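The values are calculated or read from the model by the stated rules, or taken from the named source; none is laboratory data. None of the values given here were measured: they were computed from a predicted structure. Counting neighbours? That spans all protein chains shown, and the Cβs are built from the backbone with ideal geometry, glycine included. Keep in mind that these areas ignore ligands, DNA and RNA; they rest on the heavy atoms of the full protein, side chains included. Shrake-Rupley method; radii C 1.70, N 1.55, O 1.52, S 1.80 Å.
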Amino acid sequence: MRNFGEWRWGIGLVVAVLVLGLPVPQPQAEPQERVFRVTARQFAFEPAVLQVNPGDRVVIELRSSDVVHGLYVEGYDVEAVAEPGQPDRIVFVADRPGTYRLRCSVTCGDLHPFMVGKLRVGRNPWLWKGAALALWGVTLALFAARPRTREGGR
Amino acid sequence: MTARFDVLRYPWVRRLVVSRWPQYLVRVTLLALFLLAVLAGWLGTPVGNRNFAIVGVWIAWWAVLILVAVPFLGRAWCSVCPLPLPGEWLQQGSLLGPRGRGGWSLGRRWPRRWRHIWLQNAGFTALALFSAVILTRPGVTAWVLLGLVLLAVGVSLVYERRAFCRYLCPVGGFIGLYAQAAPLELRVKDPAVCAAHTEKACYTGNEQGFGCPWGTFPLGMVRNDVCGLCFECLRTCTYDNLALNIRPLGADLAQRRGAKLDEAFKAFILLGSALTYAAVFLGPWGALKDAAYDVGAPSWWGYAALLVGLSWVILPGLFALGVWAGRPRLPWRRAFTVLAYALVPLGLAMWAAFSLAFVAASVAYVLPVLSDPFGWGWDLLGTAGWAWRPVLDGWLPLLQAGLLALGALGSVRTARGIGETWGWPRAVYPVAGYVALMTGGMLWLLLG
Ligand code: SF4
Ligand SMILES: [Cu+2]
């Protein structure tokens, strides 16, 4: 019984790894150029969510409406810095699907560390894999794992 | 019989925890860092991410607490926490160990009608309402920290033991709930020995150590929430009857004894605040951030209503519906209470996943701030100029998804255990549904 229990965990783990490896289909569209004019203010980007397809060439024109702000794209490691009246521009190819946070990279006030936007490239594989993984976890717990009951203490 | 492994069988571990010195040195060092944080908050730069008060407390301490200490060691933080230390010194009239004379405390017993953690629940919610300000303004953080220490001193001077920790500290309730999932416990070895021991040195104290500062009698202890891992009982017990066990994850959660409604509510408050924080601090919604920050403005009242409504009404209400649909075999309120503990693994995972993103984005401030704690242009370590960059870039989503999946698994498994304990096998289904909903919501907030 005990051996079988441990076997089940092994199988559970293998399935979990397979789930993580599953390909998530991406929208098949001709790559195009996408231009976003993003305005930064304390403490938000407008628009805050940028949606593109994998392979698109992304142009972000950053302008600021109050103090100096930066726009750093997590995962792509590119950065624009705009002063009021002095816009900046970054260009990159969004070749990796997923959701990446845009973060202000110049300290601009109290909520600066939380000045956040999002770049969505295609479908975010992690959202789907995460959901599938959690579902697998719940399934395992429902049907395979032995529950733990014990009068506590010693 | 589930597996337990007593680490005190290694003489060096025993020496390490029984001796007062290692613990004392860590505590005094942390007290010094605490004072540095308060001073930096008052005198240093108002820019949060360049001030030790913010970066030392809300990034470094928080990361260690939620990602390492609580999940693996339970209440170990309480073992070395500096907040109650000045109060304890006064209360015990001694800086280190019992000195055979009393301290300066009236030594009253904590009033019976306040023996619960509703005050901690309220305190945690109150701090959460002001969190956007506390987390970003060094001066405010300094006052909050100092206020907690002064409150602890005051309570220690009137009441016996660590009443502040057990009944008031807003962090304490949170650690206590999640410590029940930790793979570490301090427990009595042989109950018969304790039962026959009339002096009960562990509760009353002797020349070797103080009576349990948490007011817990080890023999009756079944869950980790009432043990601060201060190790006094290891020092006082004349029969060497205590063990420090490594144990399976989540071992406290499904047992029959020790479930309380106040703590059950803590579980929902923590779910609600994790969801709210993920939306406010990691979401792209500027208006929501402004609302959380503009304390007193109409929009802030909206934020407050959202946080309080979610934590105290909507989430417990939804769960209550689930409990009702699961047709419990025990009194309804009791069923709600015991089953709420199933949400501990997921709640802990949600907090860890949120904190991972929060910390990954801000950990780059730590070295520069250590080099220049006040933001005065010092450069003690030569790292003041290090550029800000988030860490863990590609790994973050994998880690977060993995954590949430483990939490979901742990919660449903615990629900099955609870169902078995109480002869209520259907209990697992409402929990599974609830867990799916919470996990989905958090995944969307963090990764969507
Ligand atoms: S002193 Fe030791 S043996 Fe006596 S009651 Fe306390 S834990 Fe048990
Ligand atoms: Cu900014």
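Among the trypsin sites (Lys or Arg not before Pro) within region B:18-120, which fall in a DSSP loop and have no more than 11 other Cβ atoms within 10 Å of their own Cβ?
B:Arg101, B:Arg109
Which percentage, to the nearest 5, of the DSSP beta bridges contained in chain A is antiparallel? Each step should come with its number before you reach the end.
Values: 23 of 36 bridges.
About 65 percent, rounded to the nearest 5.
Please list, or write none, the lysines whose alpha carbon is within less than 29 Å of the alpha carbon of B:Lys260, excluding same-chain residues fewer than 8 places away.
Reachable lysines: B:Lys189, B:Lys200.
Rounded to whole Hz and in sequence order, give me ³J(HN,Hα) for region B:422-438 from the Karplus expression 6.51 cos²θ - 1.76 cosθ + 1.60, θ = phi - 60°, writing x for Gly and Pro.
Values, residue by residue: 9, x, 9, x, 5, 3, 5, 5, x, 5, 4, x, 4, 5, 4, 5, 5 Hz.
When each pair of different Cα atoms in the protein assembly as shown is counted once in the 1/r mean, what is the Kirkwood radius in angstroms, to one decimal?
Details: mean 1/r = 0.0389 Å⁻¹.
The Cα-based Kirkwood calculation yields 25.7 Å.
Put A:Leu102, B:Leu16 in order of accessible area, largest first, 1.4 Å probe: what do you get? Provide the component values of the computation, followed by the final result.
Values: A:Leu102 0, B:Leu16 95 Å².
Ranking A:Leu102, B:Leu16 by accessible area, largest first, yields B:Leu16, A:Leu102.
Region B:171-218: which GluC sites (Glu not before Pro) are DSSP loop and have at most 13 other beta-carbon atoms within 10 angstrom? Can you show the working numbers first?
On the way: sites: B:Glu185, B:Glu199, B:Glu207; in loops: B:Glu199, B:Glu207.
Of the GluC sites (Glu not before Pro), the ones in loops of region B:171-218 whose Cβ has at most 13 other Cβ atoms within 10 Å are B:Glu199, B:Glu207.
Counting only DSSP beta bridges with both residues in the protein assembly as shown, tell me the antiparallel percent, nearest 5. Don't skip to the end; give the middle numbers.
Numbers: 32 of 46 bridges.
Expressed as a percentage, antiparallel bridges in the protein assembly as shown total about 70.
Equivalent ellipsoid semi-axes for chain A, as square roots of 5 times the alpha carbon gyration tensor eigenvalues: give them largest first, rounded to whole Å. Walk me through the numbers before you get to the answer.
Numbers: eigenvalues 381, 91, 19 Å².
The equivalent ellipsoid of chain A has semi-axes of 44, 21, 10 Å.
Hey, with R₀ at 30 Å, roughly what FRET efficiency would B:Thr29 and B:Glu207 work out to, going by the Cβ-Cβ distance, to 0.05? It would help to have the intermediate numbers written out before the result.
Details: r = 27 Å, r/R0 = 0.90.
Between B:Thr29 and B:Glu207 the formula returns 0.65.
Under a Cβ-Cβ limit of 4.7 Å, which cysteines in the protein assembly as shown have nobody to pair with?
Within the protein assembly as shown, the cysteines lacking a partner Cβ under 4.7 Å are A:Cys104, A:Cys108, B:Cys78, B:Cys81, B:Cys165, B:Cys169, B:Cys194, B:Cys212, B:Cys227, B:Cys230, B:Cys237.
Which whole-number percentage describes the relative contact order of chain B, with Cα contacts under 8 Å and a sequence gap of 6 or more? Each step should come with its number before you reach the end.
Values: 753 pairs, mean separation 83.7, N = 448.
Once divided by the residue count of chain B, the mean separation gives 19 percent.
Could you tell me which trypsin sites (Lys or Arg not before Pro) in region B:306-402 are loop residues by DSSP with no more than 15 other beta carbons within 10 angstrom of their beta carbon?
Details: sites: B:Arg329, B:Arg333, B:Arg334; in loops: B:Arg329.
Sites meeting the loop and neighbour criteria: B:Arg329.
Whenever you get a sec, compute what percent of the accessible area on chain A sits on carbon and sulfur atoms (1.4 Å probe).
Numbers: 4350 of 7510 Å².
Ligands and nucleic acids excluded, carbon and sulfur give 58 percent.
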